[in-house]
Amino acid sequence: MTDAFIFAANAVLPIVCMIALGYLLKRVGMFSTEFLNVGNKLTFRVLIPALLYYNIYGISSLRDIDFMFVLYGVAAVLVIFFLAVAVSCAFTKDGGKRGSLIQAMVRSNYAIIGLPLAESLFGAQGAAAAGVMSAFCVPLFNILSVIALSVFHKGSQRGKTGIGRILLGIIKNPLIIATLLGIVTLGIRELLVMGNIDFRLRDIGFLYKSLESVKSACTPFALIVLGGRFEFSAVSRLWREILFGTLMRTIAVPVMGLSAAYLLHKTVWPELSGAHFATYMGVFATPVAVASAIMAKEMDADDELSGQLVVWTSLASTVTIFVYVTIFRAIGIF
């Protein structure tokens, strides 16, 4: 049990530390509001897209995909999205807060925590399964986030908006564009393999190393910028929304997603393995994605609430991930 807690703490506390660094640097005057706004745009339009593209291209092969495993992950995320819309609309009438809460419930920190979490829990098998799932869940997270933030934003009236705004938001979203480019490039690589053509993106050394450098800068820079934008004074004003969003992200969503998977495993789907469950842990049990606060700012949702939820769900998940890992070890999944 101790190792599960240590793992959970090691997975999420570095995120909190980087946010704290950004907060301190802003307080000592190193960051201006203009710098943080530009940093937000840089992260959203360049750094996170580079990270997503790199991770998707890093998938070993599309030929070994277990489509039932992927289908459950995608279906569960869609169900959670519609439930999130319903409960958020019942919880608040504020359009900006609705969008931020929906995104928080749906969008896990899969790229930064979910992938290494799966590898730590189930080794190479976990890493392989999580890599395959990223090609499907990461674009889905982004598409659903764009839909939520297009419908529910600070200027929305009762959630009504044009279909054109939603489609334009999806088409122009840098994260979705990068994900689709990654899938296309991955498909081209698979065709080259089938044709016995010995050429890969890695063969363009300077380009691939540049991509690696940009994607490596993503996580620390995004977290520092987020910390610079963080305000403790907002906690007293947003405590209801913070508590609601944190409980939904770290307890309600993981319990629904993981329990349903376990029920299927015990009844009609015995082939579901520990590596699959390790991946689902990354999809459902990790805290809110850092990109959610950045996207909320870019799409006129409540970015202050989104930033608070990144911090508080990260802190809460040090305990909840430990609990889920312990339970799954006790029942023989891990």
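Quick one: divide the alpha-carbon radius of gyration of the stretch 168-223 by 2.2 N^0.38 Å and tell me what you get. Provide the component values of the computation, followed by the final result.
Numbers: Rg = 14.3 Å, N = 56, 2.2 N^0.38 = 10.2 Å.
Scaled against compact globular proteins, the figure is 1.41.
Straight-line reach only, C-alpha to C-alpha below 16 angstrom: list the aspartates and glutamates that LYS266 could link to, leaving out same-chain residues fewer than 8 apart.
Straight-distance partners of LYS266: none at all.
What is the gain in length, in nm to one decimal, between ASN196 and LYS266 on full extension, counting 0.36 nm per residue of separation less the C-alpha to C-alpha distance?
Here the answer is 21.0 nm.
What is the ratio of the Cα radius of gyration of the stretch 187-264 to 2.2 N^0.38 Å, where N is its residue count, to two decimals?
So the stretch 187-264 has a normalised radius of gyration of 1.91.
Within the chain, which DSSP H helices have Cα atoms that stretch 27 Å or more along the helix axis and a mean Kyte-Doolittle hydropathy of at least 0.5?
Working: long enough: 2-27 (36 Å, 1.41); 67-91 (35 Å, 2.64); 115-151 (40 Å, 1.56); 174-194 (30 Å, 1.96); 205-229 (36 Å, 0.67); 303-330 (39 Å, 0.99).
Helix filter hits for the chain: 2-27, 67-91, 115-151, 174-194, 205-229, 303-330.
How much length would be gained if the chain were fully extended between CYS89 and VAL38, taking 0.36 nm per residue of separation minus their Cα-Cα distance, in nm to one decimal?
15.2 nm
Please calculate how many Å² of accessible area the chain carries per residue, with a 1.4 Å probe and no DNA, RNA or ligand atoms counted.
Heavy-atom accessible area per residue stands at 44 Å².
Please report the relative contact order for the chain, taking Cα pairs under 8 Å with a sequence separation of at least 6, and give it as a percent rounded to a whole number.
35 percent
May I ask you to compute the full-extension gain from ALA330 to LEU71, defined as 0.36 nm times their residue separation minus their alpha-carbon distance, rounded to one decimal in nm?
90.6 nm
Could you tell me whether the chain comes out rounded, prolate or oblate from its Cα gyration tensor? Rule is a ≥ b ≥ c as square roots of the eigenvalues, rounded for a/c under 1.5, then prolate if a/b exceeds b/c, otherwise oblate.
rounded
How far is it, in nm, from the label point at TYR208 to the one at ILE163 when both lie 7 Å from their Cα along the line to the Cβ?
Here the modelled spin labels are 4.3 nm apart.
Aspartates and glutamates near LYS97 by alpha-carbon distance under 12 Å, same-chain residues fewer than 8 away left out - which ones?
Partners within reach: GLU241, ASP300, ASP302, ASP303, GLU304.
For the stretch 148-286, which whole percent of the accessible surface, found with a 1.4 angstrom probe, sits on carbon and sulfur atoms?
Numbers: 4800 of 7080 Å².
Reported share for carbon and sulfur atoms: 68 percent.
The values are calculated or read from the model by the stated rules, or taken from the named source; none is laboratory data. Only a predicted model underlies this, so the values are computations on that prediction, with no experimental measurement involved. All Cβ positions, even for glycine, are placed from backbone atoms using ideal geometry, and neighbour counts span all protein chains on display. Calculation scope for accessible area: heavy atoms of the full protein, side chains included, ligands and nucleic acids excluded. Shrake-Rupley method; radii C 1.70, N 1.55, O 1.52, S 1.80 Å.
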